[in-house]
1. Return the percentage of antiparallel bridges among DSSP beta bridges fully within region 1-132, rounded to the nearest 5 %.
2. Two decimals, Cα atoms only, Kirkwood Rh: what is Rg/Rh over region 113-272?
3. Would you mind working out the magnitude of the charge dipole of the chain relative to its Cα centre, with +1 at each Lys and Arg C-beta and -1 at each Asp and Glu C-beta, to the nearest 20 Debye?
4. Report the GluC sites (Glu not before Pro) located in region 146-215 that are in a DSSP loop and have at most 16 other Cβ atoms inside 10 Å of their Cβ, or state none.
5. Taking the C-alpha atoms of region 251-292, how large are the radius of gyration and the largest Cα-Cα span, Dmax, in Å?
6. Just the number please: accessible area per residue for the chain, 1.4 Å probe, all protein chains included, in Å².
7. Pick out which of Gln46, Gln129, Gln78 has the largest mean-square fluctuation in a Gaussian network model of the chain, springs linking Cα atoms closer than 10 Å.
8. Using the Cα atoms as the points, what is the convex hull volume per residue of region 1-145 in Å³?
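The values are calculated or read from the model by the stated rules, or taken from the named source; none is laboratory data. Everything numeric in this text was worked out from a predicted model, so none of it was measured. Cβ atoms come from the backbone with ideal geometry, glycine included; neighbour counts cover every protein chain shown. Surface accessibility is based on the protein's heavy atoms, side chains included, excluding ligands, DNA and RNA. Shrake-Rupley method; radii C 1.70, N 1.55, O 1.52, S 1.80 Å.
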Amino acid sequence: MTTAFDPHDLAGTPLANRIAMAPMTRSRADAVLRTPTALTAEYYAQRASAGLIITEGVQPVPEGQGYPDTPGLHSREQIAAWREVTDAVHERGGRIFAQLMHAGRIGHPDLLDGGLHPVGPSPVAAAGQVYTHEGPKDFPAPRELTGDEIREAVAGFAAAARNAVEAGFDGVEIHGANGYLIQQFLATGSNHRTDEWGGPVENRIRFAVEVVRAVAAEIGPDRTGLRISPANSLNDIAETGTEELYPALLDAIEPVGIAYLHVLETRPELRPLVLDLRKRFAGTFILNPATDGPTGTESLALVEEGVADLVAYGALFIANPDLPARLRAGGPFAAPDRATFFGGDHRGYTDYPAL
């Protein structure tokens, strides 16, 4: 019987176990250069015993930034700084993918340089507010992307993927979940377009498919992953026809042969859809399961049952840098300090002890 502590071949990348560190924004990048810091390198290196680390969301282009002090992968300085992170992880035997996250309409001009403005498939503002250095501010209506700009956004993902490989990452995860740009194209509530990028399902999945194809062509499908979160309402997403939408998306990307699909299961009742996606996808299947609280030891059984090849853990990895060892031992588990999740210094970041 396969367990979560057995090794796994991720499209040619050997993983020591089947426990993934889920991507989690921490907002601790350099405020000017948007580069990871020495603390970032220490933070990820401490967690190198994960079978696979997936980084916090990294903006592929400047206008893709959605939150304060998040890192990018679009400048030479950022590539060099990320190399320090990947080297530190690899020195401890870990594997690390960069999550490429274009926030789209989720953001604010105050967070962007050079007069940039958040963009989206349609000029529909998300309800809610985003934190800025001056405090919370309402999401503005995004500037609608033109057809040429959509192609440029696709190229931006591919360029950032190339930068990630140059920075030493083992691969990249395309963020198609949680209400950011790719899901904004998928969802009818945020995509009101009547051209080839909107309307019927085959048009609304087009942006996601083109990004997957472009990234895979740039760095190889064996280094490419995709994260999705069917029926996720985060960031004011209104998604219709989920049961038709995601199978169509998987059928469209299946010929590309990407390394993995990472599914965030937002509600337990979506498990039948998750199982259907699992059957449709030939590569490695990573599941961030729906749970009442932080994902715990009970979710390890998902690997034994064949529901997933890897299980992704989020909050527990913040407070337990040696989480795989603790999961194997059944605990104990430290509780994360939510007050230090976003921004700040080493406190709540690199000062959680290992067993």
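1. Numbers: 3 of 10 bridges.
Here the share of antiparallel DSSP bridges comes out near 30 percent.
2. 0.96
3. Using Cβ point charges on Lys, Arg, Asp and Glu, the chain gives about 340 debye.
4. Answer in residue order: Glu196.
5. In Å, with Rg to one decimal and Dmax whole: 10.8, 36.
6. Value returned for the chain: 37 Å² of accessible area per residue.
7. Gln129
8. On the way: hull volume 20.4 nm³, N = 145.
Cα-based convex hull of region 1-145, divided per residue, equals 141 Å³.
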